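K.L.:
Sharing a structure with you now.
The values are calculated or read from the model by the stated rules, or taken from the named source; none is laboratory data. As the structure is a prediction and not an experimental result, all values here were calculated from the model. Here the Cβ positions follow ideal geometry from the backbone for every residue, glycine too, while neighbour counts run over all protein chains shown. These area figures cover heavy atoms from the full protein model, side chains too; ligands, DNA and RNA do not enter into them. Shrake-Rupley method; radii C 1.70, N 1.55, O 1.52, S 1.80 Å.
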Amino acid sequence: MRFLFSAIILFCVTTAFTQNAIQSKTNQLAQSEMMKHGQLGVYVVEVNSGRVLAKSEANKSLIPASTLKAVVTASALKMLGASYRFKTELQYDGIISNGILKGNLYIKGYGDPTLASDQMDEADELEVLQQTWVAAIKKAGIRQINGAIVGDGSYFKGNIAGKSWQWNDLGNYYASGAWGLNFHENLYHLYLQKTASVGGTPKVVRTQPRIPNLQFVNELKSAGRNTGDNAYIYGGPYADTRVVRGTIPSGSGTFKIKGSIPDPPFLAAHSLLTALENAGIQTQKRALTHIEVPQKSRRQILHTHYSPTLSEITKRANHKSVNLYCEAMIRAIGAKNNAKNSLEGGIEAIEDYWEAQGLNISGLFLSDGSGLSPRNGITPSQLAGIMRLVARDRALFNTFYTTLPIGGQSGTIKYLFKGTAAAGNVRAKSGSIGRVRSYTGYAKTSSGKLLAFAVIANNYKGSSRTIRRELEKLIISFCL
């Protein structure tokens, strides 16, 4: 009995010490010069017991950056299903007679963010997709099209981009927004000719894929040889004129940056038109976007293309922090759960779902699905709370957990925690935008307990590298 009593005391003292050590490190960072003018939000909770091990500003709404993707991907896996696939249909109106389509050919999108992707291994690349579509059209007996090729992105309604995305982001690939018909991940590669001297103006060479009517106002300059990519592209949806500013390294050869396609549905239509002409199918050489044609025509389906599974898409979304994927997911959630095919519908459905699971959503302010908006707000207790609810849903957790980057091994936290207790024992989504650095996910302790956590630093003082190092130290303490 005396031995048992001593063991219980030792266990309690050890547990208390661990709790105090994590809280102590949290307090130390919160009171540091780095956070003098900012906020450090922390919430660490044992998944099984619900015991809170550390907290700071736990009920303050903070900007989460890309850690919001963990909420959206978990919600999508639960509400759409891990095996869910986005579809894209080839449709036509009018009639097919003697090999002639007397009507329009449509590419009807339902939000697939991987259509014609050159980034995702599991998706069909542009050339493969074109071959499949051309084969389907030939199989239908069509040798000539006496109408237009139309990219129909009307499935998603309302805002293409986030409600409060910054203008200086919109022309860059990471802020492409989500259409009902996305194409080539809504990004293009812009090739630039380097100059030999610093201060010269790099020449715009080409885009890949080629985008008709796209023009550039080139205000780029050449910087030192090892200065990296400091070039930014400015311009919003449907705008065919882009301004390129900033610097790229001087030297020889070409340099590549990425921009957002102004009108992905139009580019999808134009791409198919080109493929049809090359395959010997005559067209009227008219590629249109859905906003240019009536939407009430009766259509027949020629072919249906399916995306990779949602579990595969969420893994890349979390490992590579792909904004487009999460923007498509949140709109698809709205379409399925409240028949509101919009960003607002998805936000409403996600809030309703987690509130029904017992989460207090007071102070939860969602503005997009990716975390790019600086107007997103979530409390650390809400973010960690959702992670805990996910962990307690075994079927959901078994899939979601595998989509998260592993500390010291993969994704955006590949280079963190190496050689520490957290290496291999932390799975988390990271996030960063201006003056924001954040992490959320799970940590395994040395005793085998699973912790759910959220760590958010807003308006910190100093460099991003410095705050990242301090947050890394704090998260390591979760695993001791």
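K.L.:
Are any of the residues in segment 16-34 of a type in the set (S, T, N, Q), at pLDDT below 95 and touching a strand residue (DSSP E or B) at 6+ places or on another chain (Cβ under 7 Å)?
P.N.:
Going residue by residue through segment 16-34, those that are of a type in the set (S, T, N, Q) are 18-20, 23-24, 26-28, 31-32.
Still in the list and also at pLDDT below 95: 18-20.
Narrowing further to those that are touching a strand residue (DSSP E or B) at 6+ places or on another chain (Cβ under 7 Å): 19.
Looking for residues that are of a type in the set (S, T, N, Q), at pLDDT below 95 and touching a strand residue (DSSP E or B) at 6+ places or on another chain (Cβ under 7 Å), one finds at least one in segment 16-34, hence yes.
K.L.:
Look through 180, 171, 158 and report the one residue that is closer than 24 Å to residue 105 by Cα and either over 16 Å from the mean Cα position of the chain (by Cα) or at pLDDT 95 or above (or both). So that I can check it myself, show each step before the final result.
P.N.:
Numbers: 171 fails: closer than 24 Å to residue 105 by Cα; 158 fails: closer than 24 Å to residue 105 by Cα.
Of 180, 171, 158, the one residue that is closer than 24 Å to residue 105 by Cα and either over 16 Å from the mean Cα position of the chain (by Cα) or at pLDDT 95 or above (or both) is 180.
K.L.:
Now for a different question. For segment 222-261, how many residues meet the condition of being among the β-branched types (Val, Ile, Thr) and within 23 Å of residue 113 (Cβ to Cβ)? Quick ask: steps written out before the conclusion?
P.N.:
Of all residues in segment 222-261, those among the β-branched types (Val, Ile, Thr) come to 227, 233, 241, 243-244, 247-248, 254, 257, 261.
So of that shortlist, the ones also within 23 Å of residue 113 (Cβ to Cβ) come out as 233, 257, 261.
Residues meeting the conditions: 3.
K.L.:
Among 362, 373, 311, 367, which is the only one that is among the hydroxyl-bearing types (Ser, Thr, Tyr), under 28 Å from residue 39 (Cα atoms) and either part of a helix (DSSP H, G or I) or without any contact (Cβ under 8 Å) to a residue 24 or more places away in the chain (or both)? I'd like the intermediate steps shown before the answer.
P.N.:
Numbers: 373 fails: either part of a helix (DSSP H, G or I) or without any contact (Cβ under 8 Å) to a residue 24 or more places away in the chain (or both); 311 fails: under 28 Å from residue 39 (Cα atoms); 367 fails: either part of a helix (DSSP H, G or I) or without any contact (Cβ under 8 Å) to a residue 24 or more places away in the chain (or both).
Going through 362, 373, 311, 367 in turn, the sole match is 362.
K.L.:
Name every residue in segment 184-229 that is outside any strand (DSSP E or B) and within 24 Å of residue 322 (Cβ to Cβ), in order of residue number. Walk me through it before giving the result.
P.N.:
Just the residues of segment 184-229 that are outside any strand (DSSP E or B), to begin with: 184-186, 194-202, 209-214, 224-229.
Selection gives 184, 185, 186, 209, 210, 211, 214, 228, 229.
K.L.:
A further question follows. Could you pull out every one of the strands (runs of 3 or more DSSP E) wholly within segment 37-143 that has 2 or more residues that are more than 15 Å from residue 310 (Cβ to Cβ) and open to solvent by 10 Å² or more (accessible area, probe 1.4 Å)?
P.N.:
On the way: elements: 39-46, 52-56, 87-92, 95-97, 100-102, 105-109.
Answer list for segment 37-143: 39-46, 52-56, 87-92, 95-97, 100-102.
K.L.:
Please indicate, with yes or no, whether at least one residue in segment 338-348 is touching a Ser or Thr at 6+ places or on another chain (Cβ under 7 Å), modelled with pLDDT of 95 or more and either surrounded by fewer than 17 Cβ atoms within 10 Å (Cβ to Cβ) or part of a helix (DSSP H, G or I) (or both).
P.N.:
Within segment 338-348, the subset touching a Ser or Thr at 6+ places or on another chain (Cβ under 7 Å) is none.
No, there is no match, as no residue in segment 338-348 is touching a Ser or Thr at 6+ places or on another chain (Cβ under 7 Å), modelled with pLDDT of 95 or more and either surrounded by fewer than 17 Cβ atoms within 10 Å (Cβ to Cβ) or part of a helix (DSSP H, G or I) (or both).
K.L.:
For segment 433-480, which residues satisfy the criterion of being of a type in the set (Ser, Thr, Tyr) and either surrounded by fewer than 20 Cβ atoms within 10 Å (Cβ to Cβ) or in a strand (DSSP E or B) (or both)? Working first, answer last.
P.N.:
Within segment 433-480, the subset of a type in the set (Ser, Thr, Tyr) is 438-440, 442, 445-447, 460, 463-464, 466, 477.
Hits for segment 433-480 are 438, 439, 440, 442, 445, 446, 447, 463, 464, 466.
K.L.:
Condition test on residue 247, is it surrounded by 17 or more Cβ atoms within 10 Å (Cβ to Cβ) and among the polar types (S, T, N, Q)?
P.N.:
Working: surrounded by 17 or more Cβ atoms within 10 Å (Cβ to Cβ): yes; among the polar types (S, T, N, Q): yes.
For residue 247, the condition - surrounded by 17 or more Cβ atoms within 10 Å (Cβ to Cβ) and among the polar types (S, T, N, Q) - is met.
K.L.:
Please go through segment 325-353 and pick out each residue that is over 22 Å from residue 308 (Cβ atoms) and among the β-branched types (Val, Ile, Thr).
P.N.:
347, 350
K.L.:
To continue, here is another question. Any chance segment 62-69 includes a residue that's under 25 Å from the mean Cα position of the chain (by Cα) and more than 30 Å from residue 465 (Cβ to Cβ)? First the steps, then the outcome.
P.N.:
Applying the first criterion (under 25 Å from the mean Cα position of the chain (by Cα)) to segment 62-69 yields 62-69.
The next check asks that each one be more than 30 Å from residue 465 (Cβ to Cβ); those that pass are none.
No - not one qualifying residue is present in segment 62-69.
K.L.:
Another question, then. Of (1) part of a loop (DSSP other than H, G, I, E, B); (2) of a type outside the set (Lys, Arg); (3) open to solvent by 10 Å² or more (accessible area, probe 1.4 Å), residue 422 satisfies all except one. Which?
P.N.:
Here residue 422 clears every test but (3).
K.L.:
Confirm whether residue 248 is assigned to a strand (DSSP E or B) and more than 24 Å from the chain's Cα centre (by Cα).
P.N.:
Values: assigned to a strand (DSSP E or B): yes; more than 24 Å from the chain's Cα centre (by Cα): yes.
Yes.
K.L.:
Going through 443, 422, 452 one at a time, which residue ends up being modelled with pLDDT of 95 or more and either under 18 Å from residue 66 (Cα atoms) or of a type in the set (Phe, Trp, Tyr) (or both)? Quick ask: steps written out before the conclusion?
P.N.:
Details: 443 fails: either under 18 Å from residue 66 (Cα atoms) or of a type in the set (Phe, Trp, Tyr) (or both); 422 fails: either under 18 Å from residue 66 (Cα atoms) or of a type in the set (Phe, Trp, Tyr) (or both).
Going through 443, 422, 452 in turn, the sole match is 452.
K.L.:
State the number of residues belonging to segment 144-157 that are more than 30 Å from residue 339 (Cβ to Cβ) and open to solvent by 10 Å² or more (accessible area, probe 1.4 Å).
P.N.:
If we filter segment 144-157 for residues that are more than 30 Å from residue 339 (Cβ to Cβ), which is where we start, we get 144-147.
Then keep just the ones that are open to solvent by 10 Å² or more (accessible area, probe 1.4 Å); that gives 144, 146.
Summing the residues that are more than 30 Å from residue 339 (Cβ to Cβ) and open to solvent by 10 Å² or more (accessible area, probe 1.4 Å) in segment 144-157 gives 2.
K.L.:
Scan segment 401-419 for residues that are of a type outside the set (Ser, Thr, Tyr) and open to solvent by less than 60 Å² (accessible area, probe 1.4 Å) and jot them down. Steps first, please.
P.N.:
First, the residues of segment 401-419 that are of a type outside the set (Ser, Thr, Tyr): 404-409, 411, 413-414, 416-419.
The answer is 404, 405, 406, 407, 408, 411, 413, 416, 417.
K.L.:
Identify all residues within segment 355-387 that are open to solvent by less than 10 Å² (accessible area, probe 1.4 Å) and under 18 Å from residue 47 (Cβ atoms); write none if there are none.
P.N.:
First, pick out the residues of segment 355-387 that are open to solvent by less than 10 Å² (accessible area, probe 1.4 Å): 368-371, 373, 376-380, 382-384, 386-387.
Those that are open to solvent by less than 10 Å² (accessible area, probe 1.4 Å) and under 18 Å from residue 47 (Cβ atoms): 380, 382, 383, 384, 386, 387.
K.L.:
Answer yes if at least one residue in segment 310-318 is closer than 24 Å to residue 164 by Cβ and modelled with pLDDT of 95 or more, and no otherwise. Walk me through it before giving the result.
P.N.:
Step one: of segment 310-318, the residues closer than 24 Å to residue 164 by Cβ are 317-318.
Add one more test, that the residue is modelled with pLDDT of 95 or more, and what stays is 317-318.
Yes, the conditions are met somewhere in segment 310-318.
Matching residues to (1) under 22 Å from the mean Cα position of the chain (by Cα); (2) open to solvent by 10 Å² or more (accessible area, probe 1.4 Å):
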site	(1), (2)
271	no, yes
293	no, yes
298	no, yes
301	no, yes
313	yes, no
319	yes, yes
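K.L.:
Of all residues in segment 251-297, which are under 15 Å from residue 133 (Cβ atoms) and part of a strand (DSSP E or B)?
P.N.:
287
K.L.:
Output the residue which, of all residues in segment 186-215 that are hydrophobic (A, V, I, L, M, F, W, C) and open to solvent by 50 Å² or more (accessible area, probe 1.4 Å), is nearest to residue 234 (Cα to Cα).
P.N.:
In the first step, residues of segment 186-215 are kept if they are hydrophobic (A, V, I, L, M, F, W, C); the result is 187, 190, 192, 196, 198, 204-205, 211, 214.
Filter once more, keeping what is open to solvent by 50 Å² or more (accessible area, probe 1.4 Å): 196, 198, 205.
On the way: 196: 25, 198: 23, 205: 18 Å.
The selected residue is 205.
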